[in-house]
Amino acid sequence: MKTTLSDSKLLLTQAAHASPSFKKRKGSFLIEASVSLFILVAIAIVLANASLNILQPRSWVMKQNLADAYLSKEVAAANKMDFDSIAAGTSLWGNGGLTNAQAVTLGQLPSFVSGGAGRAYGGEVRRERITLQGNIRAAAGLFDPNAGGRLALNRMGIRAYQLVSHVTYEIDGRTFVKSRTIVRSE
């Protein structure tokens, strides 16, 4: 006698219904689905936590890099500033002493919205102009026997200024300050 595939399926189904454990296993699917869902949620939470742990230091580095990039712009502005406006005290660096804090945008952080322009990241900048009039040590002091190994900048007709930019910014509630000093002389 030849059995077909449909006959063998029918025999398996009848055997399964005839077993005494069939009636005990009716609700097991619900338990298995609940356990599977619990395991998937646990894996999702672990992966979300891991991705946040990866993004936290990356955010710190991005903000530090934005502050450095802004200070590069400050250095470029100080180097291209007209020397007469620095000497007159009409430049951004003022007429000596610290200027008032000025709110600035250090750069743009990535946006979490598709097609977004980014989130502005800000800080404060204070600028300072320091007039260098004192004596400097130099080998050229040997040319002036009265200098005693030092050269007086003002006696030589040299005008020199230090232009200092201080940027203050916050990362995770902590305040950081970075500075750049540019010496301009004529």
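The values are calculated or read from the model by the stated rules, or taken from the named source; none is laboratory data. What you see is a predicted model; the values in this text were computed from it and never measured. As a convention, Cβ positions derive from the backbone with ideal geometry for all residues, glycine included, and neighbour counts pool all protein chains shown.
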Anything in segment 131-186 that is part of a strand (DSSP E or B) and modelled with pLDDT under 75? List them, or say none. ASN135, ILE136, ARG137, ARG150, LEU151, ALA152
Answer yes or no: is there a residue in segment 30-53 that is touching a residue at least 40 places away in the same chain (Cβ under 8 Å), surrounded by 10 or more Cβ atoms within 10 Å (Cβ to Cβ) and either in a helix (DSSP H, G or I) or at negative phi (or both). no
For segment 96-112, enumerate the residues that are free of Cβ contacts under 8 Å to residues at least 60 places away in the same chain and outside any strand (DSSP E or B). GLY96, THR99, ASN100, PRO110, SER111, PHE112
Could you run through segment 73-95 and say how many residues are under 26 Å from the mean Cα position of the chain (by Cα) and free of Cβ contacts under 8 Å to residues at least 12 places away in the same chain? 2
Could you check segment 50-89 and list, in sequence order, the residues that are of a type in the set (S, T, N, Q) and farther than 15 Å from VAL164 by Cα? SER51, ASN53, GLN56, SER59, GLN64, ASN65, SER85
